[in-house]
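Novice: Below is one structure. I have some questions about it.
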Amino acid sequence: MLAQSPTVKADPSIKPGKILDVGCGANKKPGAIGIDRVALPGVDVVHNINQFPWPFESGSFDGIIMSQVVEHVEDVLKLMEEVHRVGKPGCLVEIYTPHFSSFNSWTDPTHRWHLAFRSFDLFCEGRSYDYTPVRFKLVSRNFTFGKGLLCLPGRFISACSPEIYEKYFCFVFPAKDIEFSLQIEKPE
C-alpha cells in the first residue's frame, strides 16, 4: 500500500477520497494514484495490470477510473475481480472504452475486446451467467458520440433503445465510446 495517498475529487462522479487511475499512462487524473506498466510521467506505481494481485491492500480505494484500458487487458473477468478486491464497499468504478462500432475500437491492434452496451451486465444483479463471484451495482451506462450533425440520429436512437441501436443502426451512426459507472457491492 502507498503511504500518504492523496485525497481528492478526481472525477465529478466519484466522491472525494482515495482514487486509483488504472492504466493511466501520462494522462493520470489529478490527485489520483496512477498504476501503469510503463514508467511515464505521473505513473505512481509501475506494475503490469494483467498480473494479479496488484500491489495494494484489499479495500484501499474509494474510486477507480479505467479510461481506455479495459479493451487492452488479457482477461476482463480477472481485471474486474481485482478492481473489486482493491475497492472499498460502495467504491464507484468509472469505465470508458470504445464502443464496438467505433473506428477507434478497431484501429489499435492492441485492442483485445470490442465492447457493447451490456458488456458489464454479467457483473451486476439479474445476470444470466455466473462466471465470477464479484458483484457490482450498475449506476449508469451511456453511449458517447462525436459532435457533428450526423451523430444526432445515433444519439436519438440509442436514447430510445440501446438494443435497437446496437442491432440495426450502430454501424450507420457509430458511437464513439461507452461510459459505465459501477458500484462495488461487498460487505463492509
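The values are calculated or read from the model by the stated rules, or taken from the named source; none is laboratory data. Treat the numbers as computed from the prediction; the structure is a model and nothing was measured. Heads up, the Cβs are rebuilt from the backbone with ideal geometry, glycines too, and the neighbour counts pull from every protein chain shown.
Novice: Is there a residue in the range 100-112 that is in a loop (DSSP other than H, G, I, E, B), β-branched (Val, Ile, Thr), surrounded by 18 or more Cβ atoms within 10 Å (Cβ to Cβ) and more than 14 Å from the chain's Cα centre (by Cα)?
Specialist: no
Novice: Which residue is modelled with the highest pLDDT, if the candidates are limited to the range 1-32 and must be under 15 Å from Trp54 (Cα atoms) and surrounded by fewer than 23 Cβ atoms within 10 Å (Cβ to Cβ)?
Specialist: Of the residues in the range 1-32, the ones under 15 Å from Trp54 (Cα atoms) are 1-2, 19-24.
Subset that is surrounded by fewer than 23 Cβ atoms within 10 Å (Cβ to Cβ): 1-2, 23.
Working: Met1: 31, Leu2: 33, Gly23: 97.
Of everything passing the filter in the range 1-32, Gly23 is modelled with the highest pLDDT.
Novice: Take the range 47-99 and flag every residue that is free of Cβ contacts under 8 Å to residues at least 60 places away in the same chain, of a type in the set (A, V, I, L, M) and surrounded by 15 or more Cβ atoms within 10 Å (Cβ to Cβ).
Specialist: Ile49, Ile64, Ile65, Met66, Val69, Val70, Val73, Val76, Leu79, Met80
Novice: Can you tell me which residues in the range 152-188 are surrounded by fewer than 17 Cβ atoms within 10 Å (Cβ to Cβ) and part of a helix (DSSP H, G or I)?
Specialist: Leu152, Pro153, Arg155, Phe156, Ala159, Cys160, Glu163, Ile164, Lys167, Tyr168
Novice: Quick check on this structure: which one of Thr132, Thr97 is at pLDDT below 95 and either among the polar types (S, T, N, Q) or in a strand (DSSP E or B) (or both)? Walk me through it before giving the result.
Specialist: Working: Thr97 fails: at pLDDT below 95.
Exactly one residue qualifies, and that residue is Thr132.
Novice: Further, regarding this structure: Would you check if there is a residue in the range 113-123 being in a helix (DSSP H, G or I), surrounded by 12 or more Cβ atoms within 10 Å (Cβ to Cβ) and in contact with a Pro (Cβ under 7 Å, 6 or more places away or on another chain)?
Specialist: Looking through the range 113-123, none of the residues is in a helix (DSSP H, G or I), surrounded by 12 or more Cβ atoms within 10 Å (Cβ to Cβ) and in contact with a Pro (Cβ under 7 Å, 6 or more places away or on another chain).
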